Structures are given as C-alpha cells and as structure tokens.
Amino acid sequence: MVSRRILIVEDEDVLRRILTDALTCAGYEVVAAADGEQGLLLFDAHCPDLVVADIMLPRMDGFDMVRRMRSRREATQYLFLSARSDAEDVVDGFKAGASDYIRKPFAMNELLVRIEALLSRFADADDRIVFDIGEYSYDSSAQILVRGAKSVRLSSREASILTALVRSHGKVVSSRSLLLDIWGDDSYYNLRSLNVYVSKLRAMLHADSSVEIISERGIGYKLCVDKSRKNGK
Ligand code: CA
C-alpha cells in the first residue's frame, strides 16, 4: 500500500520536529511547514491525505489556511492542534473543515491513534480511484477526465459532484445532499449554482452519448451509462 502523506503546519520548531520524527517513524510520508502561507504552498505541491495544523500560526492562521485548502481539494482530512481550549474554537475549527481536534499538550500516542482513525474512517472514501464512465476514465484524485487522447481537468466542485454521482452507482443523489456536502448549505442560490455545474459536467461528458446525467426534478441527479442508447443512435 502507498504510504499516506501528512502535512504538518506548526510554528513551534521543537514540536514540529518531534511531530515530523514521530509520524515518519510511524510510516507516514511527512512534509512540514512553519507558517500558514508555507503550509498552503506545500499543500498544493504534495496533495496530502491529512493535514495536522496548529491554529495560532504566523502569516495565516490555521482556520483560514484550512478553509483555503478545503476549497482546493475535497479529499484531505484535517486535524487541528490547539493550545486554546474554549468551545468556540472547536466550533470554528469544525466550520473551517476540521475532521478532528486535539488540545495541546497531548500524548503522541493519542495523536497517532486519532490520525490512524481519521485515515481509516475515510479509507473507503479514498480519493486515489479511477472510475470508468462509458468511454471516459475519471481519476477523482487528480480530478482529471480522460477520453482517448483528450483530458480535462475539473475544478474541485465539478470533481466533487462527479465523484458523488459516480459513487452512487446509478442511484439518484439528492441535490440537498450535494449542496450540504459540497457548498455547506442548501440555499436556492446554491441550487442554481449546482445546476450550472451539472450543465458543465454534461458538456464534458457529451462525446459519449451512452453517458447521461439525468435530472430527477425536485430531487436530484443520477449518472447513467446506457450502452443500448448509444447503439440506438
Ligand atoms: Ca502556534
């Protein structure tokens, strides 16, 4: 199995080194940054499976950094480290997209257990999967849709929608669940936006007529691959 990649963003030098050593020893591939901006750069360069982030960071705080990371890549998990302990921080952390939260000081064993749990909890949501969609091949990790010699890179939202549709195996995915999972709220404005994204995906999948994203009015969408439809055309 490919080793999981973890990005540590922690400005305390000693703690960053201890974390790097401990996680490397535990078999993870580790990259580490000392501030929020460097964290973002390493995030883009390494596509980590999990980010361990301090909240109080120079140049860009942990919440802001993770919010930006989440808008770039859906599949990464986030664990915040914090010296602060009031409940509001926890709420802010989860709003920013934290999957888990641990208070400093912590025992390294506890951190390792939490990391393992996060990575295995989301193991079946493993993003390194290539799906066949008719004549297309869709790499949900790289967010690339390929047909023959042509490839298209999807935006994060396009990729999230297509991944949800392809994972549901032809069953309807409700607009509400797509909106809540991807946008974070199911307002009418976002519903309009979802419709626009689906139109874009339809255009990307247009070259194979057996592939169709069907609208179930008032409910949601389903992705169908019907070879007979193609022969009939
Ligand atoms: Ca700090």
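Taking the numbered list (1) touching a strand residue (DSSP E or B) at 6+ places or on another chain (Cβ under 7 Å); (2) over 16 Å from Glu74 (Cβ atoms); (3) among the hydrophobic types (A, V, I, L, M, F, W, C) in turn, Val196 passes all entries but (1).
Suppose we filter region 171-191 for residues that are within 19 Å of Ile214 (Cα to Cα), out of contact with any Ser or Thr (no Cβ under 9 Å at 6 or more places or on another chain) and either open to solvent by 30 Å² or more (accessible area, probe 1.4 Å) or not assigned by TED's automatic domain parsing to the domain that holds Ile219 (or both); how many remain? The qualifying residues number 5. Against the criterion of being open to solvent by 60 Å² or more (accessible area, probe 1.4 Å), part of a strand (DSSP E or B) and more than 30 Å from Lys95 (Cα to Cα), Ser215 qualifies. The residue pairs whose first member lies in region 197-211 and is open to solvent by 10 Å² or more (accessible area, probe 1.4 Å), whose second member is among the acidic types (Asp, Glu) and assigned to a loop (DSSP other than H, G, I, E, B), and whose beta carbons are closer than 9 Å, counting only pairs six or more residues apart or on different chains, are Ala207/Glu135; Val211/Glu135; Val211/Asp226.
Taking region 77-96 as the range and being small (Gly, Ala, Ser) and within 15 Å of the ligand (Cβ to nearest atom) as the test, the residues that pass are Ser82, Ala83, Ser85, Gly93.
In the set Leu223, Leu194, only one residue is within 15 Å of Ser137 (Cα to Cα), surrounded by 15 or more Cβ atoms within 10 Å (Cβ to Cβ) and under 21 Å from the mean Cα position of the chain (by Cα); that residue is Leu223.
Does Ser99 satisfy the condition of being of a type in the set (S, T, N, Q) and either within 16 Å of the ligand (Cβ to nearest atom) or open to solvent by less than 20 Å² (accessible area, probe 1.4 Å) (or both)? No; evaluated as a whole, the condition is false for this residue.
Residues of region 16-67 that are touching a residue at least 40 places away in the same chain (Cβ under 8 Å), within 16 Å of the ligand (Cβ to nearest atom) and open to solvent by 30 Å² or more (accessible area, probe 1.4 Å): Ile18, Met56, Pro58. Scanning region 127-169 for residues that are free of Cβ contacts under 8 Å to residues at least 40 places away in the same chain and among the aromatic types (Phe, Trp, Tyr), we see that the one that is most open to solvent (accessible area, probe 1.4 Å) is Phe131.
Within region 42-51, can one find any residue that is closer than 18 Å to Asp100 by Cβ and either outside the structural domain of Val90 (by TED's automatic domain parsing) or touching a Phe, Trp or Tyr at 6+ places or on another chain (Cβ under 6 Å) (or both)? The answer is yes; a qualifying residue exists. Considering the conditions (1) in a loop (DSSP other than H, G, I, E, B); (2) more than 16 Å from the ligand (Cβ to nearest atom); (3) open to solvent by 50 Å² or more (accessible area, probe 1.4 Å); (4) out of contact with any helix residue (DSSP H, G or I) (no Cβ under 7 Å at 6 or more places or on another chain), Glu74 is excluded by exactly one of them, (4).
The values are calculated or read from the model by the stated rules, or taken from the named source; none is laboratory data. The model shown is predicted, which means the values in this text are computed figures rather than measured ones. We place every Cβ from the backbone using ideal geometry, glycine too, and count neighbours over all the protein chains shown. These area figures cover heavy atoms from the full protein model, side chains too; ligands, DNA and RNA do not enter into them. Shrake-Rupley method; radii C 1.70, N 1.55, O 1.52, S 1.80 Å.
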